[in-house]
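See structure below.
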Amino acid sequence: MPDIIQLLPDHVANQIAAGEVVQRPASVVKELLENAIDAKSTVITLVLKDAGKTLIQVTDNGTGMSPADALLSFERHATSKIKIAEDLFKLNTKGFRGEALASIAAIAHVSLKTKQHDQQIGTKINVEGNKVVGQEQAVVPEGTTIAVKNLFFNIPARRNFLKSNPVETRHIIDEFHRVALAHPSIAFTMTHNDDLVFNLPTSNVRQRIVNIFGSKTNEKLVPVAETTDILKIDGFVLKPDFAKKSRGQQFFFVNDRFIKSPYLNHAVNAAFEGLIKPSLHPGYFLFLEVDPKSIDINIHPTKTEIKFDDEHALYAMVRATIKHSLGQFSIAPVLDFNRESSLDTPYDYSNKPPVSPTIDVDRDFNPFSATPKQKNIDFPYKRDKDTAHWDSLYVGLNDTQDNTDGSYSPETHLTFESEQVTGSLFEEQSPVSAQLTFQLQNKYIISPIKSGMMVIHQHLAHQRILYEELLKNITVHQGVSQQLLFPLELPFSIPDMQVLQKIQEQLEHTGFVFGAFGEDTLSITGIPVALVESQASMVLEQLIQDIMDEVPDAGFSQNDLLVRSMAKSMAIKTGVALNSKEREHLVNQLFMCKEPSISPSNQAVIITLDANDLDKKFK
Ligand code: ADP
Ligand code: MG
């Protein structure tokens with residue numbers, strides 16, 4: 001047998017490495033901006049053509065390179081930033097792998113102009129597909145200009161894979177934001193197809209945020225600051241009123257490097273707990289400084305992930321510091337969770353006369369009156385969104401005229417989508433008779449059993465039922481859909497759309513049917529049978545959040561996470577009144593589950609009280 005292993009030629013190795021470093025124009029923008037920052041520049045300009053597909057050019061006024069260094073900079077593992085392995089542990093530069101320029105040059109036409117400050121004459125180099133096609137001395141300004149043209153010219157498959165110009169531009173802007181926010185003392189401009197998109201003068205962090213996100217942002221910012229032995233935190237969170245449905249403005253920087261950390265994001269969410277609705281995302285711009293020795297940024301080639309030595313301590317500190325800041329700036333809890341727009345400003349109310357609250361009481365209200373006959377069969381998870389505001393059902397009771405006997409029943413206010421009920425739901429034989437169950441506090445279903453009584457938590461029980469059903473569907477790919485009459489067009493942020501795209505197949509197995517995945521809108525033509533149309537958006541938003549917040553290594557599979565999240569947001573809530581049919585159905589379904597007694601997140605679903613327990617109470 002002949003030997004078959006051989007070393008890959010450099011240009012092949014570089015193309016492979018390039019795949020890791022350069023996914024899209026935004027990756028090039030990030031690397032070039034970071035190199036300019038590492039070169040101690042104070043003014044950096046970014047020029048783009050066609051979302052970077054035709055041209056990405058970064059000009060800086062930094063140190064520049066000698067002619068020899070300029071040539072060497074395109075070699076793989078050529079870096080001026082670390083010399084020995086130990087340097088890896090005290091990094092204060094963005095780059096250190098010496099891979100970016102080599103990778104970019106492997107897949108684009110690159111031209112470099114550079115001159116060091118103490119030199120009269122500079123260097124010009126052109127590189128195409130890793131081959132230097134020209135080097136000459138040239139009169140150029142101090143600093144460096146790198147122009148990257150025709151990205152992926154030699155890998156048509158990659159080039160075709162690029163998204164539309166607006167999508168790629170959005171990615172570039174995201175990178176630009178991250179770099180510009182981390183370095184307010186550097187002036188940046190960005191021009192796209194000859195339009196000036198950003199002009200950010202040297203400033204402090206607050207001004208930089210405002211310059212990027214608009215002057216209205218200023219009044220939304222709550223400063224955050226804390227210094228301890230292991231951590232310095234600085235920056236701003238957005239007031240709870242400005243929490244958003246999408247996670248647009250969430251920025252963590254560790255030692256001036258943008259990072260993604262679901263774990264720390266969770267810490268911020270925890271600090272906002274009770275102040276914002278769980279489906280909303282707080283905005284934040286947080287700058288952490290830690291000893292470079294205590295982090296490992298080497299775990300990901302594009303370096304947005306990071307490992308901390310003492311994650312738990314950081315978590316606690318981030319949470320406590322933000323809580324403290326929110327408290328100190330007396331951000332009163334926002335209890336009005338039902339308000340539609342999270343962006344309306346409270347100042348709108350300031351000129352309006354106060355209206356004193358009124359309580360309308362229906363004198364005829366009889367809680368013990370029989371449930372009026374219902375037009376249609378219904379079941380709990382088919383209710384319209386209105387039921388989410390169940391508590392408001394008890395206000396304004398005088399609009400119950402259509403109740404002939406004058407009694408009030410919450411059910412009459414619910415909208416039922418009974419046409420969509422699949423006939424089989426109530427056909428099973430019931431082990432628990434409806435007459436024998438009743439509901440306590442719109443939360444528990446009580447049923448007598450031989451030894452005493454059984455108390456079932458309605459929300460957790462329904463979670464268990466949906467969890468097993470969805471898990472089965474997703475595993476054997478047999479989710480049943482209900483076709484929507486009109487497709488739903490749901491808006492999502494670009495990062496959220498990416499998450500959805502990644503789990504598209506799994507979602508389809510649960511019964512979702514998707515139309516087009518647009519840039520920031522998703523068209524849905526079918527939904528799982530167990531889902532109400534009006535809940536679709538909320539369920540998906542929650543799912544995205546759960547996926548993003550997932551603590552790595554928590555030991556759950558993606559399917560399990562997805563199904564747990566969906567079951568949780570789809571399950572009937574505490575506070576929803578259930579009629580006898582609904583109770584019966586819920587209980588029957590629960591006992592058909594494999595594990596009826598615990599919820600998908602390990603809480604007890606059922607407890608029993610036997611006669612002995614009751615006897616003790618009467619002693
Ligand atoms: P890294 O940044 O990981 O060192 P790169 O491939 O990005 O690797 O860059 C290689 C080297 O080229 C850098 O270490 C630096 O010495 C030099 N270099 C790149 N861009 C610039 C620039 N804008 N100004 C000065 N030197 C630069
Ligand atoms: Mg670099």
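The values are calculated or read from the model by the stated rules, or taken from the named source; none is laboratory data. What you see is a predicted model, and the numbers here were worked out from it, not measured in a lab. Cβ: placed from backbone, ideal geometry, glycine included. Neighbour counts: every protein chain shown. We work out accessible area using only protein heavy atoms, side chains counted, and drop any ligands, DNA or RNA first. Shrake-Rupley method; radii C 1.70, N 1.55, O 1.52, S 1.80 Å.
Going through the stretch 29-58 one residue at a time, which ones are closer than 22 Å to Asp256 by Cα and more than 11 Å from ligand 2 (Cβ to nearest atom)?
Val29, Lys40, Ser41, Thr42, Val43, Ile44, Thr45, Leu46, Val58
Looking only at residues in the stretch 492-502 that are touching a helix residue (DSSP H, G or I) at 6+ places or on another chain (Cβ under 8 Å) and without any contact (Cβ under 8 Å) to a residue 60 or more places away in the chain, which one is surrounded by the most Cβ atoms within 10 Å (Cβ to Cβ)?
Per the stated criteria, the residue is Leu500.
Matching residues to (1) more than 24 Å from Ile233 (Cα to Cα); (2) out of contact with any strand residue (DSSP E or B) (no Cβ under 6 Å at 6 or more places or on another chain):
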| residue | (1), (2) |
| --- | --- |
| Asn150 | yes, no |
| Ile155 | yes, yes |
| Pro166 | yes, yes |
| Pro184 | no, yes |
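For the stretch 170-179, name all the residues that are in contact with a strand residue (DSSP E or B) (Cβ under 9 Å, 6 or more places away or on another chain) and open to solvent by 20 Å² or more (accessible area, probe 1.4 Å).
Ile173, Glu175, Arg178
Can you find a residue in the stretch 90-103 that is more than 16 Å from ligand 2 (Cβ to nearest atom) and modelled with pLDDT under 95?
yes
Checking Glu86 against (1) modelled with pLDDT of 95 or more; (2) open to solvent by 60 Å² or more (accessible area, probe 1.4 Å); (3) part of a helix (DSSP H, G or I), which test does it fail?
Condition not satisfied by Glu86: (1).
If Ile107 satisfies every condition in (1) buried (at least 21 other Cβ atoms within 10 Å of the Cβ); (2) modelled with pLDDT of 95 or more but one, which is the exception?
The failed condition is (2).
From (1) open to solvent by 80 Å² or more (accessible area, probe 1.4 Å); (2) at pLDDT 95 or above, pick out the condition that doesn't hold for Gly143.
Gly143 satisfies every listed condition except (1).
Yes/no per residue for (1) assigned by TED's automatic domain parsing to the domain that holds Phe308; (2) at pLDDT 95 or above; (3) farther than 19 Å from Phe492 by Cβ; (4) surrounded by fewer than 21 Cβ atoms within 10 Å (Cβ to Cβ):
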| position | (1), (2), (3), (4) |
| --- | --- |
| Ala243 | yes, no, no, no |
| Ser246 | yes, no, no, yes |
| Asp256 | yes, no, yes, yes |
| Lys260 | yes, no, no, yes |
| His266 | yes, no, yes, yes |
| His281 | yes, no, no, no |
| Tyr284 | yes, yes, yes, no |
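Might you let me know whether the stretch 452-467 holds any residue that is part of a strand (DSSP E or B) and modelled with pLDDT under 85?
There is at least one residue in the stretch 452-467 that is part of a strand (DSSP E or B) and modelled with pLDDT under 85.
One line per residue, one yes/no per condition, for (1) crowded, with 19+ Cβ neighbours inside 10 Å; (2) within 29 Å of Ser537 (Cβ to Cβ):
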residue	(1), (2)
Phe438	no, no
Leu470	yes, yes
Ile474	yes, yes
Ser481	no, yes
Leu490	no, yes
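State yes or no: is Arg24 open to solvent by 40 Å² or more (accessible area, probe 1.4 Å) and away from ligand 2 (no atom under 13 Å from the Cβ)?
Yes, satisfied.
Just one of (1) of a type in the set (A, V, I, L, M); (2) assigned to a helix (DSSP H, G or I); (3) at pLDDT 90 or above trips up Leu326, so point out which.
(3) is the only condition that Leu326 fails.
Please verify whether Asn211 is farther than 14 Å from Leu46 by Cβ and not in a helix (DSSP H, G or I), treating the condition exactly as stated.
no
Please verify whether Ala138 is over 29 Å from the mean Cα position of the chain (by Cα) and surrounded by 18 or more Cβ atoms within 10 Å (Cβ to Cβ), treating the condition exactly as stated.
Judged against the criteria, Ala138 is not a match.
Do we find that Glu505 is out of contact with any Asp or Glu (no Cβ under 7 Å at 6 or more places or on another chain), surrounded by fewer than 16 Cβ atoms within 10 Å (Cβ to Cβ), part of a helix (DSSP H, G or I) and free of Cβ contacts under 8 Å to residues at least 60 places away in the same chain in this structure?
It is true that Glu505 is out of contact with any Asp or Glu (no Cβ under 7 Å at 6 or more places or on another chain), surrounded by fewer than 16 Cβ atoms within 10 Å (Cβ to Cβ), part of a helix (DSSP H, G or I) and free of Cβ contacts under 8 Å to residues at least 60 places away in the same chain.
Filter the stretch 10-21 down to residues that are under 30 Å from the mean Cα position of the chain (by Cα) and either within 16 Å of ligand 2 (Cβ to nearest atom) or not assigned by TED's automatic domain parsing to the domain that holds Ala78 (or both) and give me whichever is most open to solvent (accessible area, probe 1.4 Å).
The extreme case among them is Glu20.
Specify the residue that is farthest from Ala157 (Cα to Cα); the eligible residues are those in the stretch 32-48 that are open to solvent by less than 10 Å² (accessible area, probe 1.4 Å) and in a helix (DSSP H, G or I).
Ala36
Just checking, does the stretch 227-238 include any residue being open to solvent by 50 Å² or more (accessible area, probe 1.4 Å) and in contact with a Lys or Arg (Cβ under 9 Å, 6 or more places away or on another chain)?
So far as the stretch 227-238 goes, no, none of its residues is open to solvent by 50 Å² or more (accessible area, probe 1.4 Å) and in contact with a Lys or Arg (Cβ under 9 Å, 6 or more places away or on another chain).
Answer with yes or no whether Ile125 is aliphatic (A, V, I, L, M) and open to solvent by less than 50 Å² (accessible area, probe 1.4 Å).
Considered against the rule, which asks whether it is aliphatic (A, V, I, L, M) and open to solvent by less than 50 Å² (accessible area, probe 1.4 Å), Ile125 comes out as yes.
Which of (1) open to solvent by 50 Å² or more (accessible area, probe 1.4 Å); (2) acidic (Asp, Glu); (3) within 16 Å of ligand 1 (Cβ to nearest atom) does Asp194 not meet, given it meets every other one?
Here Asp194 clears every test but (3).
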